[in-house]
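All remarks here apply to the structure that follows.
The values are calculated or read from the model by the stated rules, or taken from the named source; none is laboratory data. Quick caveat: nothing in here was measured; it's all calculated off a predicted structure. Cβ coordinates were reconstructed from backbone atoms using ideal geometry, including for glycine residues, and neighbour counts include every protein chain displayed. These accessible areas exclude ligands, DNA and RNA; they are computed on the full protein's heavy atoms, side chains included. Shrake-Rupley method; radii C 1.70, N 1.55, O 1.52, S 1.80 Å.
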Amino acid sequence: MSDDRQANRDAAVEELYEEAAHWHVNTGDETIHAKRIPGKWRNLKWLSSALWLVFFVGPFLRWGDRQAVLFDIPARQFHILGITILPQDFWMLSLLLIFFAILLAVVTALAGRVWCGFFCFQTVWTDVYTWVEEKLEGTPPKRRKLEKAPLNFTKFRIKAVKHTIWMVIGLVTGIAFVSWFVDAYSLWINLFTFNLGSTALITISMFTAGTYALAGFLREQTCFWLCPYARIQGVMVDNTTSVPTYDFHRGEPRGRVKKGLKKEERTTGDCVDCNQCVAVCPTGVDIRHGQQEGCITCALCIDACDAVMQKLDRPVGLIRYESLDRLDGKEDRPLLKRPRVWIYSAILTLAISGIAYGLASLDAIEIKALHARQPLFVLQSDGSIQNKYTLKILNKMTVDMDVTISARGPKNLVLVGAEEPVKSRHGRVTPRTVFVRVPREHVLEETRPIVFRAEGRDEDGQLFVSERENVFIGPKR
Amino acid sequence: MADKNPFPGENNTGHIWDDNLRELANPIPRWWMIGFWVSLLWVILYSLIYPTWPTLSSFTKGFMGWTQIKEYQKGMDEVVEIRSEFETKIAGMSAKEILADEGLSAYTEASAKVLFGDNCAPCHGGGGQGGPGYPALVDDAWLWGGAVENIEQTITMGRKGIMTAHGKILKPGEVNELAQAIVDGKPASSPLFLQKGCIACHGMDGKGMAVLGSANLTDAIIRFVPEGDQTVLDSVKYTIMYGVNDPSNPMSRQAEMPKFGDRLSKDEIKKLTVYVYKFGGGQ
């Protein structure tokens, strides 16, 4: 190793120590100004953040003559691409929520808080907000200096521009959110012609204010104190979970680089105590203390540490994605031998198959029968017993359909009022009142089951059937 | 009360009990005071806007002029406006025409429910099931006819049929024989039915006549269902012996459908007609 390189290295390290001299434990009393450095994980973070572009662009996609994805709350219809979901299909939502809850658990169990570090809106928006801040106010030391500086014109100008941009981002976020619930194009038109309804206005302003406050000011404090997920991660992560971990076997005892010291003479571990991992941390924690509530596992400290290790010609990976077991030299249990994996995937499969079944049976009709209660039955002049039912035919398809009604149950029953097919309107419930008459000699019990059947065909001749059981009630015997 | 304050410098009021229990003179928390003043301000603003303070003979009205009655009226106006579309259509149509229109008859069925509950349900039951002495409207047996026009006339003009008490005209054995024949559904099988003149009102075959409101004695439905311990036979015998609405007999059954033509509007009667017709027995 040449002396030249040694000198370069010393200079680089000197610079790093100066940068991190400021640090102390994050107690929320001070804004965290995290240093931004390029790296593999940084790029990955931009990529995962870019997924949120869907949130902004999505509402503008069309499907036929309507918005591709539209949660139409006033009309109680959710349109998702080609399918329309009615309130009757809402049970699928609970399966969807279960699916995502378990997915979160699986991912956390395997790789820590992937959601927090790479996808969470709090993380992504804060990242964008601080990016804007850095562009306008400069690096963290400059930002801290500006904070302490007395208010003058330059400071005011910079701050004004920053807050305006922040608010605009918040506003666009609010508008994008509302666009999922109303037609996006007419929303923008109404916005510029001042024709927005109060609901839209209030929602947009709440989102603007919320985004501005949460991403601009609360930032990592949200993760510390507002978000419940940070608190329950402790039960989701175990020794086999691979998370950004400081390899203390290799790093300790940490010690500053001594100028001119040869590699062989070194008594300290690989950690040079440069605090770069802390300087880049968006939540201001020290990863060297191990997994902790403040760590959102964004892996930016890995980038920072690797950069330092490269400068110092030491092997990278002092901080790396690793499980505690592997750190201690144990082999990871194979995935298929972990009960968690089996339980989680069972629940995931159940939820997914439920949703798949629901989606596959969306295009259908559904019949419900309500028995009249007052009176429960009527004696007719010919001695037969008559029951009255209100049938409700739900048409979940996109076209109106003629639905024929039939009934089976007690012998020789006569169905009155179903001679004409029901003109079942799409997306709606069409009621029909029918009477069922059964000759007295066939009314054998006080109650007997009766099944109503609705049948309809679409233009292609495909048959849709729905059946519903109810009771036929007769006099006490 | 201690003469000398043993706890100087802690801002107590000097009220000390049991050696060390003392009252501090700390100020009320700021958040509490803010809440207090905001509440006061609220009361003032509220009383300016809404009716609030009682005066000797009236009360302050508030500059918005808001009252509960106005609010209620506004809501009612909205309802009337929504209904007016249907109501104007109904006003120009007959009950039969309404029945022919699926949408209108559904509206009528829904809106006449209240009318039925107020005017008809006390006798005929909430679901038109009838009750002791009162005929069911849900079955297919009609004393005065089950066509739309018949039902409308029944509601408008009321009905009162008369059957003479036969207790003194017939011997007990004859009453028994006739009653049994009626319960069996074959009144004409007894020669007495013809001989004693039952056919005058109930017809040769005993099927009744809608113009007179006489009951069909051949069907499964008994006009006066038995009450208490009575059997069907007892009930029929009672009707034969004491009659219906017979002014000469104080034991006679009382059965009168009152006239609603002067209580309800034409449209209301039309709606009730549709409602009763759709019970299932309309013909």
query: Which fully enclosed helices (runs of 4 or more DSSP H) of the stretch A:240-340 have 1 or more residues being open to solvent by less than 50 Å² (accessible area, probe 1.4 Å) and touching a strand residue (DSSP E or B) at 6+ places or on another chain (Cβ under 8 Å)?
result: A:276-279, A:300-311, A:324-327
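Here is a yes/no grid of residues against (1) of a type in the set (Gly, Ala, Ser); (2) out of contact with any helix residue (DSSP H, G or I) (no Cβ under 6 Å at 6 or more places or on another chain); (3) within 21 Å of B:Gly130 (Cβ to Cβ):
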position	(1), (2), (3)
A:Gln380	no, yes, yes
A:Ile385	no, yes, yes
A:Tyr389	no, yes, yes
A:Met401	no, yes, no
A:Thr404	no, yes, no
A:Ala407	yes, yes, no
query: Checking A:Leu151 against (1) within 19 Å of the chain's Cα centre (by Cα); (2) open to solvent by 20 Å² or more (accessible area, probe 1.4 Å), which single condition isn't satisfied?
result: (1)
Some residue of the stretch A:113-134 being open to solvent by less than 70 Å² (accessible area, probe 1.4 Å), free of Cβ contacts under 8 Å to residues at least 24 places away in the same chain and over 28 Å from the mean Cα position of the chain (by Cα): no
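Limited to the stretch A:350-388, what total is found for residues that are within 14 Å of chain B (Cβ to nearest Cβ) and either out of contact with any Phe, Trp or Tyr (no Cβ under 7 Å at 6 or more places or on another chain) or among the polar types (S, T, N, Q) (or both)?
We begin by selecting, within the stretch A:350-388, every residue within 14 Å of chain B (Cβ to nearest Cβ); these are A:370-388.
Narrowing further to those that are either out of contact with any Phe, Trp or Tyr (no Cβ under 7 Å at 6 or more places or on another chain) or among the polar types (S, T, N, Q) (or both): A:373-384, A:386-387.
Residues meeting the conditions: 14.
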query: Looking at the stretch B:116-143, which of the residues that are assigned to a helix (DSSP H, G or I) and crowded, with 18+ Cβ neighbours inside 10 Å is farthest from the other protein chains (Cβ to nearest Cβ)?
result: B:Asn119
statement: The correct count of residues that are within 19 Å of the chain's Cα centre (by Cα) and either of a type in the set (Val, Ile, Thr) or within 28 Å of A:Gln291 (Cα to Cα) (or both) in the stretch A:204-218 is 3
message: Can you say whether A:Phe194 is surrounded by fewer than 20 Cβ atoms within 10 Å (Cβ to Cβ), modelled with pLDDT of 90 or more and more than 30 Å from A:Glu322 (Cα to Cα), as far as the supplied structure shows?
response: no
message: Condition first: more than 10 Å from chain A (Cβ to nearest Cβ) and surrounded by fewer than 17 Cβ atoms within 10 Å (Cβ to Cβ). Now tell me which residues in the stretch B:210-230 satisfy that.
response: B:Ala210, B:Val211, B:Leu212, B:Pro226, B:Glu227, B:Gly228, B:Asp229, B:Gln230
field: Conditions (1) at pLDDT 90 or above; (2) part of a helix (DSSP H, G or I); number of the one not met by A:Ala230
entry: (1)
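Here's the yes/no breakdown for (1) within 30 Å of B:Tyr107 (Cα to Cα); (2) at pLDDT 90 or above; (3) among the acidic types (Asp, Glu):
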residue: B:Pro8; (1), (2), (3): no, no, no
residue: B:Gly14; (1), (2), (3): no, no, no
residue: B:Leu40; (1), (2), (3): no, yes, no
residue: B:Ile82; (1), (2), (3): yes, yes, no
- prompt: So which pairs qualify, if the first residue must be in the stretch A:343-371 and touching a residue at least 60 places away in the same chain (Cβ under 8 Å), the second must be among the acidic types (Asp, Glu), the Cβ gap must be under 9 Å, and the two must be at least 6 apart or on different chains?
  reply: A:Gly358/A:Asp89; A:Leu359/A:Asp89; A:Leu362/A:Asp89; A:Asp363/A:Asp458; A:Ile365/A:Glu455; A:Ile367/A:Glu467; A:Ala369/A:Glu469
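Of all the strands (runs of 3 or more DSSP E) wholly in the stretch A:411-477, which have at least 2 residues that are buried (at least 17 other Cβ atoms within 10 Å of the Cβ), out of contact with any helix residue (DSSP H, G or I) (no Cβ under 6 Å at 6 or more places or on another chain) and away from chain B (no Cβ under 14 Å)? Even if it seems obvious, please write down each step before you answer.
Details: elements: A:414-416, A:422-424, A:429-438, A:447-457, A:463-473.
Qualifying strands (runs of 3 or more DSSP E): A:447-457, A:463-473.
Taking the stated definitions as given, is B:Glu109 open to solvent by 20 Å² or more (accessible area, probe 1.4 Å), within 13 Å of chain A (Cβ to nearest Cβ) and in contact with a helix residue (DSSP H, G or I) (Cβ under 7 Å, 6 or more places away or on another chain)?
yes
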message: Please verify whether A:Leu214 is open to solvent by 30 Å² or more (accessible area, probe 1.4 Å) and either of a type in the set (Ser, Thr, Tyr) or more than 22 Å from A:Leu103 (Cα to Cα) (or both), treating the condition exactly as stated.
response: yes
task: Please indicate, with yes or no, whether at least one residue in the stretch B:144-166 is within 14 Å of another protein chain (Cβ to nearest Cβ) and touching a helix residue (DSSP H, G or I) at 6+ places or on another chain (Cβ under 9 Å).
output: yes
message: If I filter the stretch B:23-44 down to residues being open to solvent by 90 Å² or more (accessible area, probe 1.4 Å) and not β-branched (Val, Ile, Thr), which single residue comes out as farthest from B:Gln68 (Cα to Cα)?
response: B:Asn26
- request: Could you figure out which of (1) assigned to a loop (DSSP other than H, G, I, E, B); (2) loosely packed, with under 10 Cβ neighbours inside 10 Å isn't true of B:Phe7?
  value: (2)
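Do the conditions hold for B:Val183, that is, is it within 14 Å of chain A (Cβ to nearest Cβ) and within 26 Å of B:Val211 (Cβ to Cβ)?
Criteria met by B:Val183.
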- prompt: Going through the stretch B:148-158 one residue at a time, which ones are surrounded by 17 or more Cβ atoms within 10 Å (Cβ to Cβ), under 25 Å from B:Asp246 (Cβ atoms) and of a type outside the set (Val, Ile, Thr)?
  reply: B:Asn150, B:Gln153
